[in-house]
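The next block holds one structure in the form of structure tokens; read it before the comments.
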Amino acid sequence: MKWYLDFGHGGKDPGALGEFSKESDVVLKVGNLIKNTLEKSNETIITSRTNDTYHTLEERVNKANKEKCNYFISIHLNSSSNKSVRGCEVWVYDKNSKLYNLSKNICNSLSKSINTKNRGVKISKDFYVLRKTIMPALLIEIDFISNIEFEKNLSNSYFLENIANTISNELLAFVNKEV
């Protein structure tokens, strides 16, 4: 299987900002942990970036399409002006997406493993990466970086590994593999 892992934002676009961390840095760390786990299970991984560089949404999608990846997984952190909001959610293009059940499984597992609300699977035809990929795609919002409790945990490498392992396990289970 060939996976495209999109580590959201990067470079001039830090994404959502917490008090002391930025989305682009966190998703790069988590994404690389996922990449390593999937590669250990003999999965082929293409990534949007390997460091803190900026790539347009069009560049990301074009690379995934050109590489003929089987699945597109975009990794993000959410943000809200309400600092108490928590929860994971996964976005897909529509309910007919081949990744709809995987999205539900990711939400269920992440909410349990990091003790956050399960905000469920959301539908959007507006996200560029869901609209323009030729392969099934999903976009994970792990939790809210604007929540100080969650953000404090991001400095703990065990916590980041837990997030990555949870997502990796669900991706591998989807293709009938184990870690």
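The values are calculated or read from the model by the stated rules, or taken from the named source; none is laboratory data. What you see is a predicted model; the values in this text were computed from it and never measured. Quick reminder, even Gly has a Cβ in these numbers, built from the backbone with ideal geometry, and neighbours come from all protein chains shown. Calculation scope for accessible area: heavy atoms of the full protein, side chains included, ligands and nucleic acids excluded. Shrake-Rupley method; radii C 1.70, N 1.55, O 1.52, S 1.80 Å.
Brief remarks on what is shown
- The set of residues in region 120-179 that are touching a residue at least 40 places away in the same chain (Cβ under 8 Å), among the basic types (Lys, Arg) and under 16 Å from residue 6 (Cβ atoms) contains only 132.
- One residue stands out among those in region 30-45 that are open to solvent by less than 30 Å² (accessible area, probe 1.4 Å) and not polar (S, T, N, Q): the one that is farthest from residue 175 (Cα to Cα), which is 30.
- Positions within region 11-29 being among the aliphatic types (A, V, I, L, M) and either in contact with a helix residue (DSSP H, G or I) (Cβ under 9 Å, 6 or more places away or on another chain) or surrounded by fewer than 19 Cβ atoms within 10 Å (Cβ to Cβ) (or both), in sequence order: 16, 17, 26
- Just one of (1) part of a helix (DSSP H, G or I); (2) open to solvent by 10 Å² or more (accessible area, probe 1.4 Å) fails for residue 150. It is (2).
- Taking the listed residues 44, 50, 116, the one that is closer than 18 Å to residue 163 by Cα and hydroxyl-bearing (Ser, Thr, Tyr) is 116, with no other qualifying.
- None of 115, 101, 156 is within 19 Å of residue 28 (Cβ to Cβ), modelled with pLDDT of 95 or more and surrounded by fewer than 17 Cβ atoms within 10 Å (Cβ to Cβ) except 156.
- Screening residue 115 on (1) assigned to a loop (DSSP other than H, G, I, E, B); (2) in contact (Cβ under 8 Å) with a residue 12 or more places away in the chain shows it passes everything except condition (2).
- Checked against (1) open to solvent by less than 70 Å² (accessible area, probe 1.4 Å); (2) under 15 Å from residue 167 (Cα atoms); (3) not hydroxyl-bearing (Ser, Thr, Tyr), residue 8 passes all but a single condition, namely (2).
- The residues of region 59-86 that are surrounded by 18 or more Cβ atoms within 10 Å (Cβ to Cβ), among the aliphatic types (A, V, I, L, M) and not in a helix (DSSP H, G or I), listed by number, are 73, 75, 77.
- Residues that are assigned to a helix (DSSP H, G or I) and at pLDDT 95 or above occur in region 50-58; there is at least one.
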